[in-house]
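What follows is a short report on a single structure.
The values are calculated or read from the model by the stated rules, or taken from the named source; none is laboratory data. In this text, all values refer to a predicted model and were calculated from it rather than measured experimentally. Here Cβ is always computed from backbone atoms with ideal geometry, including for glycine, and neighbour counts include all displayed protein chains.
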Number of protein chains: 2
Amino acid sequence: MLDFSTHLGDIATQLETRLDQLLPTGDDIAQAMRWGTLGGGKRLRGFLVVESAALFDVPRDQALNTAAAIECLHAYSLIHDDLPCMDDDDLRRGRPTVHRKWDEATAVLAGDALQTQAFTILSNATTHHDANVRIALVAALAAASGQAGMVGGQAMDIAAETAGRALNLDEIQLLQSLKTGALIQFSARAGAILGQADAQAHAALTAYADALGVAFQIRDDLLDVDGDEATAGKALHKDAQAGKATYVSLLGVDGARAKADSLVEQAITALRPFGADASALADAARYTLARNT
Amino acid sequence: MLDFSTHLGDIATQLETRLDQLLPTGDDIAQAMRWGTLGGGKRLRGFLVVESAALFDVPRDQALNTAAAIECLHAYSLIHDDLPCMDDDDLRRGRPTVHRKWDEATAVLAGDALQTQAFTILSNATTHHDANVRIALVAALAAASGQAGMVGGQAMDIAAETAGRALNLDEIQLLQSLKTGALIQFSARAGAILGQADAQAHAALTAYADALGVAFQIRDDLLDVDGDEATAGKALHKDAQAGKATYVSLLGVDGARAKADSLVEQAITALRPFGADASALADAARYTLARNT
C-alpha cells in the first residue's frame, strides 16, 4: 500500500496545483471557496477521474480539469452539509468549517459558487477539445449531483434524522448510493467519457465504482466507530450518538468488515477487461479498506 | 402596454407548462423545487430568452428549454437569498418562502438542486441539436451566475450590510450589474447563442440587457418605496429600514425616475439593428417602468 499512497499523493498534489489555478481569487467568497476546496482531502474522486482516463490514454494534464471539477462539486456539498441547519459541523479536514471561519451566508454562497465553478471548468475548451465530450461531462455530473443523485441522498438522510427513524439495510444502501455513490460513479465513468470509450468500458467502470462506493462508505462507518478524531480531522462517533443506522449498526463490526472485503473483490473483478492497466484502480479499491481517514 | 402584458402572460404560461414538465416530482426536495419555481413571477428572464431567440428564427418550442433553465437558476438564487442567514424573508410571490413552508435544510438543498437542474436542462439535446451551442449556453450561464457574477453581487450586498456601510452610486451600480444584471444579460444573449448569431448581434443584445437591467433595478428600488405589499407579494420598505443605499436614496425619487427613463431609451436604441422584429423586446423595456410588481 505504500507505493499506492505515494501515487495517490502525487496525483493529489497535481490536482491541488490545478485547483489553485482554476479557483478565483479576491473577495471573501473566493477565499471561502479556496478554504473549502484546497488544503487536503484524499482526492479519491479526482484520482478516479485521472486513473480511469489513463485507461483510454487521455493525457493526465487534460484529465486534471475534470478531476478539479468533481473536487469543486464535492467541496460544495461538504460546505453545505456542514451548515448548522444540516450536519452542524465545526471541523473539516482538521480546520474550521467555512461557516465557522466566516459565517453562514458566506458558506451558502461559497458552496453555490463552487457548484457553478464545476460546470465552468467542464464547459471550458481546455477540458476537452470536443464539445460533445464536454456536454456529456456536464450532463453526467448534473445527473449525479442533483435531486435524483447526491442532493436526493442528502435529503433522505436528513428526513430520516428528522423523523427519528433508523433506516433498514435496503434504505441505507439506496441513501448511500445517492449521497456518495453517485459522485464516485461519475468520477470513475468520467475517464470513459473523456476517452470516448465503448459501452462495455462504461459498464465495467460503473460496476467497479458502485462496489467501491459502498466499500468506501462501510469503511467510513467503521472509522466513525473505531477511528481517531485527530487523524480523521473531524468529529467522530456522531452516528451512534445520533442513534443513526449505519452499515455497522445493522451488520455489526465483523459483518460490515466482511461485506467491505467482498465488495472490494467485486470492484477488482469488474476491472478485469482492462487487465494490468487498471492496477492503480484496483489498488484504490484495496486502499479503501486500509485507510485511517 | 395592455397588449404587451397579454404577450408576456402568454409566454409565462407556456414557460410554466415547460417547467412543470422539466422539474422532478416526488420527495420533499422535488416539491420544494416546484414551490420555489412554479406558480408565478413575471418570467422576465424567460421572456428575454424567448424573444431574443425569435430574432434569429429559433423555434419557440426550442427556446423554452433555455428559458426554463434560467428560471430554475433564478429560483435557486431566490430560495437561498430568502434564507434566515441571508435576507431572512418569509414571503415570496405572496406565499411562504421555502424555508418557512419546509425548513432551512430543505431550502438549501432545493436551491442546490435547482442550480443543478438548470445545467441538466441546458445539457439536454432537446435544448439544441448542436453540442457547441449547448456548451456555450452552459459556459455563459455559469459565468453569469458564479463568483464573478450573481453570487459575487449577493456577497457584495451582504458585506455592505454586515459592515453597516451605505454604498455609493458606483458601488451600487457594480453590485447590481452582478447581482441582477448578469442573469438578465445572459437571458437576452441566450437567443443570440441559440441562433448562432454574429458578434454584432451579441453586442446589441448585451447593450440592451445592461441598460434594461439597471432600469429594472431602479424600478425595484422605487417599488420598495411606493409599492403595495399585497400587489408585490413580498415585504417592502425593507431598504429604508435597513438604512441601505439604493438608486432612490442616492438620486432621490425624481432623479431615479429620470435615470430609469433614460436607460429605457438607451435599451430601445440598442435594438435598432433588429428593426421591427425587436418590438417585443422594446416593449419589455418600456414595461419595466410601468410594472407594479
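Observations on the model:
- Test: A:Thr25 is out of contact with any strand residue (DSSP E or B) (no Cβ under 8 Å at 6 or more places or on another chain), within 14 Å of chain B (Cβ to nearest Cβ), among the hydroxyl-bearing types (Ser, Thr, Tyr) and free of Cβ contacts under 8 Å to residues at least 60 places away in the same chain: yes
- Each residue in segment A:272-293 was checked for being of a type outside the set (Gly, Ala, Ser), surrounded by 16 or more Cβ atoms within 10 Å (Cβ to Cβ) and closer than 20 Å to A:Ala190 by Cβ, and 5 of them qualify.
- Listed by position, the helices (runs of 4 or more DSSP H) contained in segment B:83-187 that have at least 3 residues being within 12 Å of chain A (Cβ to nearest Cβ) are B:104-123, B:131-145, B:150-163.
- Count of segment A:25-47 residues which are among the β-branched types (Val, Ile, Thr), assigned to a loop (DSSP other than H, G, I, E, B) and within 17 Å of the chain's Cα centre (by Cα): 0
- For segment B:157-166, the condition of being at pLDDT below 95 and buried (at least 19 other Cβ atoms within 10 Å of the Cβ) holds for at least one residue.
- A:Asp61 surrounded by fewer than 24 Cβ atoms within 10 Å (Cβ to Cβ), in a helix (DSSP H, G or I) and away from every other protein chain (no Cβ under 11 Å): yes
- Flag if B:Leu44 is within 14 Å of chain A (Cβ to nearest Cβ), aliphatic (A, V, I, L, M) and within 30 Å of A:Ala105 (Cα to Cα): no
- Count of residues meeting criterion [modelled with pLDDT under 95 and either in a loop (DSSP other than H, G, I, E, B) or among the hydroxyl-bearing types (Ser, Thr, Tyr) (or both)] in segment A:8-24: 0
- Some residue of segment A:199-212 being closer than 20 Å to A:Cys72 by Cβ, in contact with a Gly (Cβ under 8 Å, 6 or more places away or on another chain) and modelled with pLDDT of 95 or more: yes
- Residues of segment A:133-152 satisfying the condition of being within 20 Å of B:Gly26 (Cβ to Cβ) and either at pLDDT below 95 or surrounded by 20 or more Cβ atoms within 10 Å (Cβ to Cβ) (or both): A:Ala142, A:Ala144, A:Ser145, A:Gly146, A:Gln147, A:Ala148, A:Gly149, A:Met150, A:Val151, A:Gly152
- Taken residue by residue, segment B:110-130 has at least one member that is more than 20 Å from the chain's Cα centre (by Cα) and either more than 22 Å from B:Leu22 (Cβ to Cβ) or among the small types (Gly, Ala, Ser) (or both).
- Residue check for A:Ser5: in contact (Cβ under 8 Å) with a residue 12 or more places away in the chain, surrounded by fewer than 20 Cβ atoms within 10 Å (Cβ to Cβ) and either assigned to a helix (DSSP H, G or I) or on the phi < 0 side of the Ramachandran plot (or both): yes
- Among the residues of segment B:241-252, those that are assigned to a helix (DSSP H, G or I) and either touching a helix residue (DSSP H, G or I) at 6+ places or on another chain (Cβ under 7 Å) or surrounded by 17 or more Cβ atoms within 10 Å (Cβ to Cβ) (or both) comprise B:Tyr247, B:Val248, B:Ser249, B:Leu250, B:Leu251.
- The set of residues in segment B:161-170 that are at negative phi and in contact (Cβ under 8 Å) with a residue 40 or more places away in the chain comprises B:Glu161, B:Ala166, B:Leu167, B:Asn168, B:Leu169.
- Check on B:Val50, in contact with a helix residue (DSSP H, G or I) (Cβ under 7 Å, 6 or more places away or on another chain), in a helix (DSSP H, G or I) and surrounded by 16 or more Cβ atoms within 10 Å (Cβ to Cβ): yes
- Here the condition is being farther than 18 Å from B:Ala139 by Cβ and at pLDDT 95 or above; of A:Thr127, A:Thr97, it holds for A:Thr97 alone.
- Among residues of segment B:56-85 that are touching a residue at least 12 places away in the same chain (Cβ under 8 Å) and within 16 Å of B:Ile11 (Cα to Cα), those with a Cβ under 7 angstrom from a residue that is in a loop (DSSP other than H, G, I, E, B) and among the β-branched types (Val, Ile, Thr), sequence gap 6+ or separate chain, pair up as B:Asn65/B:Thr126; B:Asn65/B:Thr127; B:Thr66/B:Thr127.
- Single condition B:Ala67 does not satisfy, out of (1) more than 14 Å from every other protein chain (Cβ to nearest Cβ); (2) among the small types (Gly, Ala, Ser); (3) more than 16 Å from the chain's Cα centre (by Cα): (3)
- In segment A:101-132, the residues that are surrounded by fewer than 24 Cβ atoms within 10 Å (Cβ to Cβ), closer than 30 Å to B:Met86 by Cβ and touching a residue at least 60 places away in the same chain (Cβ under 8 Å): A:Lys101, A:Trp102
- Filter pass, B:Ser177 being without any contact (Cβ under 8 Å) to a residue 40 or more places away in the chain, hydroxyl-bearing (Ser, Thr, Tyr) and under 18 Å from B:Ala144 (Cα atoms): yes
- Pairs, first closer than 12 Å to B:Ile11 by Cβ in segment B:37-48, second of a type in the set (Ser, Thr, Tyr) and surrounded by 24 or more Cβ atoms within 10 Å (Cβ to Cβ), C-beta under 7 Å, six or more apart: B:Arg45/B:Ser187; B:Leu48/B:Ser187
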